[in-house]
2 protein chains.
Amino acid sequence: MDPAEVSIPPLKDLTIDNITENVNLINSQTPDPRLKYILERLVSHMHDFARETRLSTKEWMAGIEFLTAVGKKCTDVRQEFILLSDTLGLSLLVDSIDHPKKPSSTEGTVLGPYHTHDAQTQALGQSISGDPDGTPLLCLCTVHTTSGAPISDVKIDIWETDSKGSYDVQYEDYSGEKPDGRAVLRSNEEGVFWFKAIVPVPYSIPHDGPVGKMLGILGRHPWRPSHMHFMFEKGGFDHLITALYLRNDPYETSDAVFGVKESLMVDLGIVTPEQAKKYDIKEGAKLLTYDFVLMTDEETSELRDEEAKKAMEKLGRGDMRIVEGLPIPMEDVD
Amino acid sequence: MDPAEVSIPPLKDLTIDNITENVNLINSQTPDPRLKYILERLVSHMHDFARETRLSTKEWMAGIEFLTAVGKKCTDVRQEFILLSDTLGLSLLVDSIDHPKKPSSTEGTVLGPYHTHDAQTQALGQSISGDPDGTPLLCLCTVHTTSGAPISDVKIDIWETDSKGSYDVQYEDYSGEKPDGRAVLRSNEEGVFWFKAIVPVPYSIPHDGPVGKMLGILGRHPWRPSHMHFMFEKGGFDHLITALYLRNDPYETSDAVFGVKESLMVDLGIVTPEQAKKYDIKEGAKLLTYDFVLMTDEETSELRDEEAKKAMEKLGRGDMRIVEGLPIPMEDVD
């Protein structure tokens, strides 16, 4: 770049006290006001972190080495940075911010790294699991609006581990051609969907990498309580990523990724003889029932904007505008 | 891990407002009080960043992908995370915190990624550069204490680029056997050291990776103004990492890594006929002179502790102790 094109204020003699404003100044050259705001907050927090901890060069280098190792551990089927975000509570937080929920709707929770696009669309009533060692489970569920109307033709993505606690993609010979423990269903005219599966079991998140080492140093275990993932998609409704958790799981109050919510905990029942006959499953098999409630895009966006306004006011930046659901301080808007 | 060994408070129903304290609670199981403090500040700032920007899932994923790309770019001879830290001002900040300077001493600046341990120890007066295309430069320097006493036998590490703006390690065929543009010297009894080199030129930091892409999006250039690196080591004195910058460089007020300080800027002189004869260099060659002043370990540690105490008080955590130069809030000390 021609030095003559450099259009920034002179940066020199930067100190502990003035470096942050100057880095924000040079970054403010970006034409994207949202990126400018994000970078300003990122740099300010990163610098405050160093100032408040009096971070030493040795500790800084340990951080550099840790992040490098996290990056090196990432492959097409292993995302160690997502694992880091999950185990530090960031993933749950971002989901809560992006998908706020009214009390009457179903809460969201962490997506996790095991959703794939390999699942086959199945007719209602079929089994999503081919694991003969799992405990048979019948799932009878509904989907409604916040005002109680059934929602038909919702695309429902479901995934769970096998009875050993592993997702299909975690097996070395997995090719994507024969997905197991996952399926895509569609709710019927009454907003009902049902399928067969196996009772979920606890499993540990991958902990043979730097994130697992971090958990060890922090005295934390890598376990997630037994759960089944659900994702709901339908035009006009906010995308819902959630999961149901089995009550009384040994890890129900110490989930390594902070996903458990009381409203998402379920007690399994027992399939009655009538149900066994109707749904073609063994009498005495386990039964999971749940009524999911979706928020509309409009309800979500209204609530999200409201919460964003409150947060910006708290930050002393109430003079802002919201562009595509995301706040930008007015001073950053051209 | 046996669930019975889980010794943490119940974590459930975590929300935008309570997740931070709960993540900090589970992390507080570490027996290392300094790590506990660092993690607490890290998680608090990271979560505040997400809350204040109302970070969307899409933006979070862009961040995950960016960090993954930074990690993937790192090799034995390329540290993209250090580059990221440098270009966001974190490296300079950490150096300023860890190596505070009295006004009477020489200021520090960024180490950068090009220091190696390949440099040969040379006698005073030899050339550190084998580049025939560089402009010859004679460097006449001294090292003193803050009270003006000469310091002898200081190990001085010096490194600079060739006339094309590349360090030896940046060439593909570099093996480490024939270092160029770098040397280790020792100051003499009078605290004097001198050597021949070439006049430094501006160069760009590596910008073919994700950090270069970031700079581009932010409208920033990747250039560093002309400079020569110096590192001073001697028992009892604080390690000094610094550099001298040539005045009137086109990038002197827009260094991509924020390293320039007025006190480190030099005007080059011209070698006199007497100097040319004495130091065996061409008459009319360029001349660099500088008097470096080192702080003792004791002076540094006193100043660092003082600044740490002030920062902790400002944070409302004045009740702390300093262990090996690093603050720990008393509530974290067992």
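Picking from A:M295, A:M61, A:M265, which is most flexible by a Gaussian network model of chain A using Cα springs under 10 Å?
A:M61
For the protein assembly as shown, what value does the Rg/Rh ratio take when both radii are computed over Cα atoms and Rh is the Kirkwood radius, given to two decimals? The partial results should precede the final answer.
On the way: Rg = 30.0 Å, Rh = 28.3 Å.
Reported Rg/Rh, Kirkwood definition of Rh: 1.06.
Can you tell me the convex hull volume per residue for chain B, based on C-alpha atoms, in Å³ to the nearest whole number?
With only Cα atoms used, chain B gives 186 Å³ per residue.
Running a GNM on chain B with Cα contacts under 10 Å, which residue among B:Q275, B:Q29, B:Q170 ends up with the highest mean-square fluctuation?
So, out of B:Q275, B:Q29, B:Q170, the one fluctuating most is B:Q29.
Compare B:I26, A:I217 by solvent-accessible area with a 1.4 Å probe and give them largest first, with all protein chains kept in place.
Values: B:I26 5, A:I217 90 Å².
Sorted by accessible area, descending: A:I217, B:I26.
Mind checking which of B:P210, B:P250, B:P225 has the largest fluctuation in a GNM of chain B, springs on alpha carbons under 10 Å?
B:P250
Sort shortest first the distances from A:K213 to its counterpart in every other copy, using label points 7 Å along the Cα-to-beta-carbon line, and give them in nm.
2.6
Please go through region B:268-334 and write out the trypsin sites (Lys or Arg not before Pro) that DSSP classes as loop and that have at most 14 other C-beta atoms within 10 Å. List each step's numbers first, then the result.
Working: sites: B:K277, B:K278, B:K282, B:K286, B:R304, B:K309, B:K310, B:K314, B:R317, B:R321; in loops: B:K282, B:R317.
Sparse-neighbourhood loop trypsin sites (Lys or Arg not before Pro): B:K282.
Taking 8 Å as the Cα distance limit and 6 or more residues as the minimum spacing, I'd like the relative contact order of region B:126-216 as a percentage.
Values: 152 pairs, mean separation 38.2, N = 91.
Once normalised by length, the contact order is 42 percent.
With 26 Å as the limit, write out which pairs from B:K102/B:K234; A:K102/A:K278; A:K314/B:K261 have Cα-Cα distances beyond it, or answer none. It would help to have the intermediate numbers written out before the result.
Details: B:K102/B:K234 18 Å; A:K102/A:K278 35 Å; A:K314/B:K261 37 Å.
Listed pairs above 26 Å: A:K102/A:K278; A:K314/B:K261.
Where the only charges are on Cβ atoms (+1 Lys, Arg; -1 Asp, Glu), what is the dipole of chain A about its Cα centre, to the nearest 20 debye? Spell out each step's value before the answer.
Numbers: 34 positive and 56 negative charges, 162 e Å.
Here chain A has a charge dipole of around 780 debye.
What average number of partner chain Cβ atoms lie no more than 10 Å from the Cβ of the residues making up A:16-22? Mind dumping the intermediate values first?
Working: counts 9, 1, 0, 7, 2, 0, 2.
Mean number of neighbouring Cβ atoms from other chains: 3.
Let me have the relative contact order for chain A, percent, based on Cα pairs under 8 Å that are six or more residues apart. Spell out each step's value before the answer.
Numbers: 558 pairs, mean separation 62.3, N = 334.
After rounding, I find 19 percent.
Could you identify the residue of B sitting closest to the B-A rotation axis by Cβ and state that distance rounded to whole angstrom?
B:G71, 1
Put a dot 7 Å past each Cα toward the Cβ at B:E306 and A:E233; how far apart are the dots in nm?
Distance between label points: 6.2 nm.
Does a label point 7 Å from the Cα of B:H115, set along Cα-to-beta-carbon, have any residues of region B:204-232 with amide nitrogen under 13 Å, and which are they?
Label zone hits: B:229-232.
Where the accessible area of chain B is counted over protein heavy atoms with a 1.4 Å probe, how much of it, in %, is carbon and sulfur?
On the way: 7420 of 14520 Å².
The value for chain B is 51 percent carbon and sulfur by accessible area.
Work out from phi, with θ = phi - 60° and the Karplus expression 6.51 cos²θ - 1.76 cosθ + 1.60, the ³J(HN,Hα) of each residue of region B:30-40, listed in order in whole Hz, and give x for Gly and Pro.
4, x, 9, x, 5, 4, 4, 5, 4, 5, 4
Each residue of region B:175-184 in order: what ³J(HN,Hα) in whole Hz does its phi give by Karplus 6.51 cos²θ - 1.76 cosθ + 1.60, θ = phi - 60°, with x for Gly and Pro?
So the J values, rounded to whole Hz, are 10, x, 7, 10, x, 9, x, 8, 6, 10.
Let me confirm one metric for peptide A:114-121, namely the mean number of other chain beta-carbon atoms within 10 Å of its residues' beta-carbons. Provide the component values of the computation, followed by the final result.
Working: counts 0, 0, 0, 0, 0, 0, 0, 0.
Mean shielding count: 0.
Pairing the Cα long axis of helix A:57-73 with the longest principal axis of chain A, what angle in degrees results, from 0 to 90 and rounded to the nearest 10?
Compared with the principal axis, the helix lies near 40 degrees.
Taking the Cα centroid of region B:275-318 and of region B:142-180, what is the distance between the two, rounded to the nearest whole Å?
Computed from Cα coordinates, the inter-centre distance equals 16 Å.
What spacing in nm lies between the two simple spin-label points modelled at A:S147 and B:E177, each 7 Å away from Cα in the Cβ direction?
8.2
Please average, across the residues of A:85-92, the number of beta carbons from any other chain that are within 10 Å of each residue's own beta carbon, and give a whole number. Walk me through the numbers on the way to the answer.
Values: counts 7, 0, 3, 8, 13, 11, 4, 5.
Other-chain Cβ atoms within 10 Å of each residue's Cβ, averaged: 6.
Probe radius 1.4 Å, ligands and nucleic acids left out: which of B:L111, B:L264 has the largest accessible area, and how do the rest follow?
On the way: B:L111 70, B:L264 0 Å².
From most accessible down to least: B:L111, B:L264.
To the nearest 10 square angstrom, how much accessible area does A:T161 have with a 1.4 angstrom probe?
In the full protein context, A:T161 sits at about 10 Å².
Using amide H atoms built 1.01 Å from N in the peptide plane, name the residues 5+ places from B:R224, or on other chains, whose amide H lies under 5 Å from its own.
B:Y203, B:S204, B:I205, B:A256
Give the nm distances, rounded to one decimal, from B:G318 to the matching residue in every other copy, measuring between label points 7 Å along Cα toward the beta carbon; shortest first.
From this label point to the equivalent ones elsewhere in the assembly: 3.2 nm.
Measuring label to label, 7 Å along Cα→Cβ, what does A:D32 give against each other copy in nm, shortest first?
Ordered by increasing distance: 3.5 nm.
I'd like the orientation of helix A:297-314 relative to chain A: the angle between its Cα long axis and the longest Cα principal axis, in ° from 0 to 90, rounded to 10.
On a 0 to 90 degree scale, this one is about 40.
Return the FRET efficiency for the residue pair A:K102, B:K155: r is the Cβ-Cβ distance, R0 is 45 Å, and the value is rounded to the nearest 0.05. Provide the component values of the computation, followed by the final result.
Working: r = 67 Å, r/R0 = 1.48.
Efficiency, rounded to the nearest 0.05: 0.10.
Around A:E190, with a cut-off of 13 angstrom between Cβ atoms, what is the net charge of the other residues, counting Lys and Arg +1 and Asp and Glu -1? Walk me through the numbers before you get to the answer.
Values: positive: A:R186; negative: A:D153, A:E189, A:D291.
Here the count lands on -2.
In whole Hz and in residue order, list the ³J(HN,Hα) couplings for region B:86-97 that follow from phi through the Karplus curve 6.51 cos²θ - 1.76 cosθ + 1.60, θ = phi - 60°; x for Gly and Pro.
Working through the residues one at a time gives 4, 7, 9, x, 6, 4, 4, 4, 5, 4, 5, 6 Hz.
What is the set of long-range amide H partners of B:L315 at a cut-off below 5 Å, with H atoms built 1.01 Å from backbone N?
Close amide H contacts, sequence-distant or interchain: none at all.
Ranked by accessible surface with a 1.4 Å probe, highest first, in what order do A:M330, A:M320 come?
Listed by decreasing accessible area, they come as A:M330, A:M320.
In debye, nearest 20: dipole of the protein assembly as shown around its Cα centre with unit charges on the Cβ of K, R (+) and D, E (-)?
Details: 68 positive and 112 negative charges, 2 e Å.
My answer is approximately 20 debye.
With n ≥ 4 as the cut-off for DSSP H runs, can you work out [θ] at 222 nm for the protein assembly as shown, using -39500 (n - 2.57) per run divided by the number of residues, rounded to the nearest 500? Don't skip to the answer; put the middle values down first.
Working: 16 runs with 194 residues, N = 668.
So the helix-based figure for the protein assembly as shown works out to -9000 deg cm²/dmol.
Using a 1.4 Å probe on protein heavy atoms only, how many Å² of accessible area do B and A hide from each other, summed over both chains and rounded to 100? Can you show the working numbers first?
Working: alone 18600 and 18630 Å², together 29040 Å².
Summing both chains' loss of accessible area gives about 8200 Å².
The values are calculated or read from the model by the stated rules, or taken from the named source; none is laboratory data. Here the structure is a predicted model, which is why all the values come from computation and not from measurement. Quick reminder, even Gly has a Cβ in these numbers, built from the backbone with ideal geometry, and neighbours come from all protein chains shown. Note: areas computed on protein heavy atoms with side chains; ligands, DNA, RNA excluded. Shrake-Rupley method; radii C 1.70, N 1.55, O 1.52, S 1.80 Å.
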